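Report on one structure; see the data block that follows.
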Amino acid sequence: MKRRYSLQLAEMRFYAYNSDEISDLCFIPRFAFGKRHDFLVRPDFAGIATRLMFHNNISDDGCPRGVRRQVTVTLVDMTMRCEVAERQVRVSMDKSQVMKSVYVDFPMEEVRFDPGHTYKIVARDKAANEFLGEETIHLYSMETFGHPAFWYAASEGGVRTEWDERLYKSVSYMDNEDYRVQFCITPVFIDVRPLILPELELHIHYPDGEKVTAWFAEPKALMLGGAHYTVDAPFYTNEDRHGVYYAELLCMGESVAGFAFTTDGSCVEGTFDGDALEPMAGYTLEGAEKRLAAFLSEEKEDDDERDDFDKLLDEFIASEICASKGIHIKEPQAETAPPDSEDAEEEDAEEPCEDEEEDDEEEASEEKEDASLLLSLDHLTGLRSVKEKLSVYERVVRFNKMRADKNLPVSAMPLHAMFLGSPGTGKTTVAKMMGVMLRRAGMLSRGHVVVRERATLLGQNYSSESENTLAAIEKARGGILLIDEAYQLYQPNDQRDPGKFVIETLLTALADERNRDWMLILAGYPKEMERMFDMNPGLKSRIPESNIYIFDDFTEAELVDIAEKYITRKQYTLSEDARVALAERLKADYCQRERNFGNARHVINLIETEVLPAMAVRVTTEGADDEFSLTEIKATDIPKPVLKPVAARPRIGF
């Protein structure tokens, strides 16, 4: 007759420790064991510790039994299909104990762990031939995959209910309601992608500032074989816990993305993207509230949606232009919501100074914008053909303005344009210049730029393309709607592709002569854009040849010029050796450039992510803190060129 044992394995948790975290096995219970199953093998990785929690089952008489069992814990390398190590632990519980934890250590000194392998930890009672439980863990190498904060890129985030697949930026508070936070992500492993994608961790910070719920989940593919994934986690509301939440996405404990949202507002459909998904350096409720207020304010003010590079590039160009002209830019005060905003509060009639303050703020903003962008083509590096064409366009606009001021008839000018060029060639910057120019000439009422791409126009749900496109046009009213990588909307081999509905909606809006207070700019790679242009007669009739601008790649000399100006702008200097090393690096990058070469984006990324970090390591290691050491970039700070292997030429003949 088989004996009945009351011992049960309730859970198994793990912790990957480093060499500086343990000097004796007595420290193991102090580790922060968690539900994580995927771990990063760093250079100082020292082993895996396991906590097994056993439950003492209740006997027939309603009381726990005393337990004395010998448990075998086996580490199995599932990749190599072999047992790696085995440990024996004694589990002893008297009748008064219901739960007990025991600890098992697998140190690198005794066990060989291979990054990239999958391991299984199995617990058995061998004497009784009884299986107690098992868990699987995966190990990943930073040398192979890089820093885990960059293994995934988050494109969207939002909140959804259990009964609705749509995403929201805010939801209305309901007691004891079930909601889920959701991130849309894409794996971005540079060199090689792991066979098993690392799990992701979601933290949900509640408004009370105390509750943090951690969920571990493997990314779920949106479609079979697709490159886009989602990960979500539930959270719950009650009368004591509603307000501003913060959802954070982590990989291997490193923050990937995050967004703040509220349950106090009305249900606002939409998603957070771009800067709104940048993770907070350290969570505080005040920080989450300020972040949410800032992004909601930006939406109300129709602020154009630029990425970090565009901001850096605009600041850089503005400073160079203003310095060359001796212009002092007055910083605008914090802007208020526009008077016609639906969310704007009614103003008190006894405070007439409000309008004057708004006028001053608008003038200050226009002063900064005009000084930094208007008629500044000569101060831009490269872009020869764009400068020539835009210079003529600017003179025609100015000429028409002069005629209009004299009450002379003015011929209608075609506004809409096409920008052909690779990433990082200044397309967004030139669009902003055109916006300022056309606003000054009275052809556009505001001159702002709204940037969109395929993903933001298609939206979350099928058949919402027209609605999202019309919303983008409305947001760009009085200014410019710039659709980046617009060729992705045209998929001739897929008749069901929803991008065609975006094009149809754009063509309908372009044909509406009543709405002339907006400009459309389609941007992207030349060949793909020309193919889309040729296959859509409606676009061809609305965008004449004179409004097609070619943005050539920067030459190697122009890349060096951009780098030197940017370094000066950030108050650094280059030693002579560093200047030579930087020129050699950029020359090599230019000669090996591929289709997606970032141009100016590549230069600034090189400086920000490689040169300056290398300089910081050197200076702090040397212990110098004088101004010269903190500003001069040396040749050792410039990364050496990485030469790509050249494919062997095929042999011809025998």
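The values are calculated or read from the model by the stated rules, or taken from the named source; none is laboratory data. Only a predicted model underlies this, so the values are computations on that prediction, with no experimental measurement involved. We place every Cβ from the backbone using ideal geometry, glycine too, and count neighbours over all the protein chains shown.
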Condition broken by D534, with the remaining ones in (1) of a type in the set (D, E); (2) within 22 Å of F597 (Cα to Cα); (3) touching a helix residue (DSSP H, G or I) at 6+ places or on another chain (Cβ under 8 Å); (4) surrounded by fewer than 17 Cβ atoms within 10 Å (Cβ to Cβ) satisfied: (2)
Test for F113: is it more than 30 Å from C184 (Cα to Cα), assigned to a loop (DSSP other than H, G, I, E, B) and modelled with pLDDT of 90 or more: yes
Single residue of T555, T568, T573, T505 found to be of a type in the set (V, I, T), surrounded by fewer than 15 Cβ atoms within 10 Å (Cβ to Cβ) and under 30 Å from the mean Cα position of the chain (by Cα): T555
Any hit, the range 246-268, residues being closer than 25 Å to A431 by Cβ, at pLDDT below 90 and surrounded by 15 or more Cβ atoms within 10 Å (Cβ to Cβ): no
Near pairs, Cβ below 6 angstrom, 6+ apart or cross-chain, from the range 117-130 (in contact (Cβ under 8 Å) with a residue 60 or more places away in the chain and under 23 Å from L40 (Cβ atoms)) to any residue that is surrounded by 15 or more Cβ atoms within 10 Å (Cβ to Cβ) and of a type in the set (S, T, N, Q): I121/T50
Hits in the range 119-154 - residues which are of a type in the set (S, T, N, Q) and either crowded, with 18+ Cβ neighbours inside 10 Å or not in a strand (DSSP E or B) (or both): N129, T144
The range 608-630, subset of a type outside the set (K, R), surrounded by 15 or more Cβ atoms within 10 Å (Cβ to Cβ) and at pLDDT 90 or above, residue nearest to V560 (Cα to Cα): V611
Filtered residue count, the range 69-109, keeping only those that are under 16 Å from A46 (Cβ atoms) and out of contact with any strand residue (DSSP E or B) (no Cβ under 7 Å at 6 or more places or on another chain): 1
Positions within the range 23-42 being touching a residue at least 60 places away in the same chain (Cβ under 8 Å) and part of a loop (DSSP other than H, G, I, E, B), in sequence order: K35, R36, H37, R42
